[in-house]
Amino acid sequence: MNDDDGLLIFKLVRVVNLTARPFSQRIGEEYELTLNEWRTLAVLATQPGLTGAQVADLTGLDKMAVSRALAGLKRRKRVQRRDDPTDHRCSRLYLTADGKALHVTVGALGRQREAELFAGVDANELARMSATLDTLIRALERVSDQTV
């Protein structure tokens, strides 16, 4: 174990990687869906009509990663782009019927996987972790906003 292993950021990245790997191996391959495509799909399912930049902000992905995710989703006809009726310089993103159906299916599998992952963790501890992560996200968004 090296000194970096105890850093909180290292632990967060490790948790993401350990949870993302099974997603890619099981769900991603079966449904031809990358993790970043899933993140994009999930955001658009709950907030249709976003721009690509807004998807990047809400997922924490950089704009290039969102662009690649959108290209994959559009190629498989899961997302469609529509012109914004009030601003013709930008377009809005919406899930297609296939995208909505995929979101329902993969969302159910994701909730099942989450239940498996956290089966041994006390409900109060999970609630505290969720609240702590929300606080961390808000703090990181403030820092990010200040550096732009």
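For region 84-97, the criterion of being among the small types (Gly, Ala, Ser), out of contact with any Lys or Arg (no Cβ under 8 Å at 6 or more places or on another chain) and under 18 Å from Arg26 (Cα atoms) is satisfied by no residue at all.
Residue by residue, here is whether (1) touching a strand residue (DSSP E or B) at 6+ places or on another chain (Cβ under 7 Å); (2) surrounded by fewer than 12 Cβ atoms within 10 Å (Cβ to Cβ); (3) farther than 17 Å from Glu32 by Cα holds:
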{"position": "Met64", "(1), (2), (3)": "no, yes, yes"}
{"position": "Ser91", "(1), (2), (3)": "yes, no, yes"}
{"position": "Val104", "(1), (2), (3)": "no, yes, no"}
{"position": "Gly107", "(1), (2), (3)": "no, no, no"}
{"position": "Ala119", "(1), (2), (3)": "no, yes, yes"}
{"position": "Ser130", "(1), (2), (3)": "no, yes, yes"}
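Can you tell me which residue within region 1-53, out of those that are polar (S, T, N, Q) and surrounded by 11 or more Cβ atoms within 10 Å (Cβ to Cβ), is modelled with the lowest pLDDT? Filtering first and then ranking leaves Ser24. So which residues in region 29-43 are of a type outside the set (Asp, Glu) and more than 20 Å from Asp62 (Cβ to Cβ)? Selection gives Tyr31 alone. Mind counting the residues in region 88-110 that are within 27 Å of Pro22 (Cβ to Cβ) and touching a residue at least 24 places away in the same chain (Cβ under 8 Å)? Count: 10.
Against the condition free of Cβ contacts under 8 Å to residues at least 12 places away in the same chain, out of contact with any Gly (no Cβ under 8 Å at 6 or more places or on another chain), surrounded by 11 or more Cβ atoms within 10 Å (Cβ to Cβ) and farther than 19 Å from Ser24 by Cα, how does Asp134 come out, does it pass? Criteria not met by Asp134.
Scanning for something modelled with pLDDT under 95, in the same structural domain as Val55 (by TED's automatic domain parsing) and of a type outside the set (Lys, Arg), does region 124-135 turn up at least one residue? Taking every residue of region 124-135 in turn, none turns out to be modelled with pLDDT under 95, in the same structural domain as Val55 (by TED's automatic domain parsing) and of a type outside the set (Lys, Arg).
The values are calculated or read from the model by the stated rules, or taken from the named source; none is laboratory data. Since the model is a prediction, treat every value here as computed from it, not as a measurement. We place every Cβ from the backbone using ideal geometry, glycine too, and count neighbours over all the protein chains shown.
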